[in-house]
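Data first, discussion second: the structure below is written as structure tokens.
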Amino acid sequence: MGSTVASQPEGGSKRSTSAIVVTGLALFSMFFGAGNLIFPPMLAVEAGDNFWPALFGFLTTASLLPVLAVIAIALSGSNLRDLAQRAGSIFGVVFPVLAYLSIGAFYALPRTGAVSFETAITPLFGLESFASSAVFNVVFFGIALALSWNPTTIMEKLGKFLTPALLVLLVVMISVAAFRWSAEPAAPNEPYDDGPLTAGLLEGYLTMDSIAALAFSIVVISTLRHRGFNEGKELVGGTIAAGVGAGIMLGLVYIGLGLIGRVMPNAGEFDNGAGLLAEAANLTMGGAGQAVFSAIVLLACLTTAVGLITATGEYFSEQFPGSYHVWAVIFAVTSMIIATQGLEFVMTIAAPVIGFLYPPAITLIALTLIEPAFRARTRFSWAFFLPLWTAVVWSAIETLISLEWGADALTPIVQWAPMFDAGLGWVVPVVIAFVIGLVVDFVRPKPAMIPGTMESVEGEDLSAEGDAVPVLQTRD
């Protein structure tokens with residue numbers, strides 16, 4: 001057993017560092033869409049005096065968790081489907097498809113077009129008609145499709161050009177606001193008055209970046225591999241470095257945007273973050289402020305759309321019939337049609353999908369990161385299966401309750417769990433299931449290995465046992 005040795009990235013360590021920096025910038029831009037832009041300032045308004053604990057909760061799920069997802073994929077050497085398969089073939093097929101569709105054509109991708117039109121184009125040009133929306137979305141998704149046509153160069157396009165432009169605009173607006181205003185925060189509103197940390201955690205869910213990270217990691221790995229990174233430690237290290245860099249940038253921008261909502265005069269008069277930031281840009285930069293804000297929104301949405309088309313197109317072309325270009329066109333056209341219906345239509349799809357997917361997604365990330373600590377003693381089997389399916393079942397029940405489908409019968413089943421009222425009732429049952437599964441894995445007999453292979457006599461893949469070579473390495 002060995003590995004294929006790739007050449008060092010051209011130009012040595014400097015070229016390697018440059019590739020990681022560009023990839024990290026691109027990954028940040030893929031994460032940072034319009035939702036990421038408008039959530040922090042409104043969180044600051046609603047949290048009031050409880051801004052910092054609420055922001056800490058938001059940063060945990062909107063910045064730290066996506067980084068952990070990238071690290072999990074990098075360390076495991078597996079894509080999302082390979083990881084999900086460990087909870088059984090049904091989960092291994094259904095969960096990745098739902099995850100990719102949720103960040104693709106069924107929600108996050110059409111949201112980029114709908115948000116761009118309603119928060120950037122309509123305020124700037126006064127266009128509101130269905131026909132105007134249709135024309136804009138045809139152009140918007142046409143540009144996004146063109147930029148994502150060659151997936152091996154997408155990181156360079158985003159990291160060298162679009163992301164720096166986006167960051168410059170954000171830094172200008174945040175800096176001017178921070179030096180001009182010093183308003184006193186108001187009293188916190190519900191739910192930030194009693195549980196600001198938990199409320200911030202749940203608000204961070206809405207960015208969907210943790211689920212997106214499970215998908216974007218494939219693009220990062222494939223890009224660094226294309227740039228000449230060796231399989232194994234070099235590729236894993238580069239992927240993690242790019243993920244950490246993107247997460248730090250996300251956190252800093254979130255803090256800056258939150259401070260705008262915290263110090264802006266009369267910020268409490270706004271119903272949403274888009275209107276608040278538009279007015280902030282107008283107040284800080286005069287007549288050009290709305291144009292600057294519109295440019296920020298368009299760039300944020302466009303870079304995210306490009307990343308989503310690339311990630312979903314690559315995954316579906318690998319798992320199902322059809323080339324990358326066929327799937328990219330399908331997702332771009334479908335998203336264009338849905339986005340044309342308006343942001344409210346897009347958002348009606350979002351809440352139940354997000355609520356259902358996040359518990360199993362977080363569980364999958366946590367298990368993947370925890371497993372190496374136990375690898376010298378056992379390989380997770382039941383410790384993977386039980387908690388993941390507990391998260392799925394619990395999340396499905398809570399989603400049905402939120403939709404008021406059989407709520408009277410289902411609520412008593414789950415309401416006993418701690419933090420149920422905060423939307424985190426799944427956490428304790430999943431931890432209990434993990435402990436039970438871990439005990440079973442420790443006491444069950446280890447299968448005997450077939451000499452000269454990485455398989456047991458029962459056909460179980462033991463490649464993750466002991467000091468086995470990570471999946472990212474090429475085996476002879």
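Among the residues making up region 256-290, those that are open to solvent by 50 Å² or more (accessible area, probe 1.4 Å) and either at pLDDT 85 or above or under 21 Å from the mean Cα position of the chain (by Cα) (or both) are 259, 262. Screening 202, 170, 166, 158 for residues that are in contact (Cβ under 8 Å) with a residue 60 or more places away in the chain and open to solvent by 30 Å² or more (accessible area, probe 1.4 Å) leaves exactly one candidate, 202. Taken as a whole, the condition of being out of contact with any His (no Cβ under 6 Å at 6 or more places or on another chain), in a helix (DSSP H, G or I), closer than 12 Å to residue 341 by Cα and in contact (Cβ under 8 Å) with a residue 12 or more places away in the chain does not apply to residue 116. Scanning region 80-92 for residues that are in contact (Cβ under 8 Å) with a residue 40 or more places away in the chain and open to solvent by 30 Å² or more (accessible area, probe 1.4 Å) yields 81, 82, 86. Taken over region 409-429, the criterion of being touching a residue at least 40 places away in the same chain (Cβ under 8 Å) and over 17 Å from residue 366 (Cβ atoms) is satisfied by 422, 423.
One residue stands out in region 395-420 among those that are among the hydrophobic types (A, V, I, L, M, F, W, C) and part of a loop (DSSP other than H, G, I, E, B): the one that is least open to solvent (accessible area, probe 1.4 Å), namely 417.
Checking each residue in region 45-66 for being under 19 Å from residue 360 (Cα atoms) and surrounded by fewer than 22 Cβ atoms within 10 Å (Cβ to Cβ) picks out 60, 61, 64. None of 211, 218 is closer than 19 Å to residue 312 by Cα, β-branched (Val, Ile, Thr) and open to solvent by 20 Å² or more (accessible area, probe 1.4 Å) except 218. When residue 385 is tested against (1) more than 20 Å from residue 106 (Cβ to Cβ); (2) in a loop (DSSP other than H, G, I, E, B), only condition (2) is not met. Output the residues belonging to region 343-358 that are under 16 Å from residue 308 (Cβ atoms) and surrounded by fewer than 17 Cβ atoms within 10 Å (Cβ to Cβ). Within region 343-358, 349 is the sole residue that qualifies. Just give me the residues in region 317-342 being open to solvent by 40 Å² or more (accessible area, probe 1.4 Å) and either part of a helix (DSSP H, G or I) or basic (Lys, Arg) (or both), in sequence order. Those that are open to solvent by 40 Å² or more (accessible area, probe 1.4 Å) and either part of a helix (DSSP H, G or I) or basic (Lys, Arg) (or both): 318, 319, 325, 326, 327, 329, 330, 333, 334, 336, 337.
Flag set for residue 187, criterion: open to solvent by 30 Å² or more (accessible area, probe 1.4 Å) and among the aliphatic types (A, V, I, L, M).
Scanning region 127-136 for residues that are without any contact (Cβ under 8 Å) to a residue 40 or more places away in the chain and open to solvent by less than 50 Å² (accessible area, probe 1.4 Å) yields a count of 2.
The values are calculated or read from the model by the stated rules, or taken from the named source; none is laboratory data. Bear in mind the structure is a predicted one, so any value in this text is a computation, not a measurement. FYI the Cβ positions are ideal-geometry reconstructions off the backbone, even for glycines, and counts take in every protein chain you see. Quick note on the areas: whole protein, heavy atoms, side chains included, nothing else; ligands and nucleic acids left out. Shrake-Rupley method; radii C 1.70, N 1.55, O 1.52, S 1.80 Å.
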